[in-house]
1. Looking at the square roots a ≥ b ≥ c of the eigenvalues of the Cα gyration tensor of the stretch 82-140, which shape do they give, rounded for a/c under 1.5, prolate if a/b is larger than b/c, or oblate?
2. Classify the stretch 211-286 as rounded, prolate or oblate from the Cα gyration tensor: take a ≥ b ≥ c as the square roots of its eigenvalues, call it rounded if a/c is under 1.5, otherwise prolate when a/b beats b/c and oblate if not.
Amino acid sequence: MSRWPFVGHRQASQSSQTSTPAPTEVILREVAESSPAPNAPVDAATSAQHDGLEIVTSSLILPETVTSDVPLIELRDVTRSFPGDPEVQALKAVNLKVNKGEYVSIVGHSGSGKSTMLNILGLLDRPTVGEYRIDGHLTGSLSEEERAAVRAQRIGFVFQAYHLMPRRSVLNNVLMPMAYAGIPRDERHDRAVEALERVGLSHRINFMPGTLSGGERQRVAIARAVATRPSLLLADEPTGALDVNTSDQVMDLMGELNASGLTVMVITHDVDVAARAPRIVQLTDGRLTEGNVPDLSEFEAEFTPALEVAE
Ligand SMILES: Nc1ncnc2c1ncn2[C@@H]1O[C@H](COP(=O)(O)OP(=O)(O)O)[C@@H](O)[C@H]1O
Ligand SMILES: [Mg+2]
């Protein structure tokens, strides 16, 4: 049943280079502690099972567009400025269209705006100027609650440092976001098991994250991200803490998910990881370019592999 070889050796678990922890904290806080939206349907059985987790909404905030010529995501002249002295323009008039089913790598030097762009795409942050559309729908006018619901229903996240909940089993980690996505309670377990089978971890469902290798943890994180059947998978340095073999396995999995129809966007500084995508976009000091295949080795040179740092 499992398509994944067991990864027998322990990886370093910590990450030394998570550049923007705040958005992740936003997600984890929502997953772990959110109270129900006002007037949200309360599912008592869910509360009992998941320590107060409630369904945010069961209806799609942004309905899926059926016409195929509408891009899944579109950034129009997006600028993100961080106030300060001097102000930092992390993104400068970025334009980007990504169609359903695409697989895109995002490369660029450290500080070039990659995570800022991913945070905006993931509705964890807002443009200072410009428009972000998902499936043709403008996101700028959505309330925070609506943004959280769209995020839960349409977007899966994978981060370098996995961000699993350490005191929850693998199964419970994967079950968590499904309450938010409004997935009926009686479907969640089967979907979680299916997602864990898909990443080759059905034999680990009752394990605690701390007992897993780095590659296994990232595969749990991927299962968690796709169990809700999102439209878009966003990954920020998903292999940054993994060794080469494990990284290959994780990226094989990303490729399989894309081949099954999921739109995938991966930030990476790793040449081999970036080259797996048929489309590569580059950020340079907040400006997005595409077309010339970048010399990826220049990005790789400035990163120290987290694994080596950890050992
Ligand atoms: N919350 C923030 N406040 C102020 N400056 C920020 C913030 N987040 C990112 N930046 C700045 O924006 C620029 C781009 O950052 P980031 O998107 O994290 O780059 P990358 O992911 O490519 O390394 C950097 O100069 C960074 O210091
Ligand atoms: Mg970053």
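Every number here is computed from the coordinates shown, using simple stated rules; none is lab data. Owing to the predicted nature of the structure, the values given are computational and were not obtained by experimental measurement.
1. Working: a/c = 2.46, a/b = 1.38, b/c = 1.78.
It comes out oblate by the Cα gyration axes.
2. Values: a/c = 1.69, a/b = 1.16, b/c = 1.45.
Because a/c hits 1.5 or more and a/b fails to exceed b/c, the stretch 211-286 counts as oblate.
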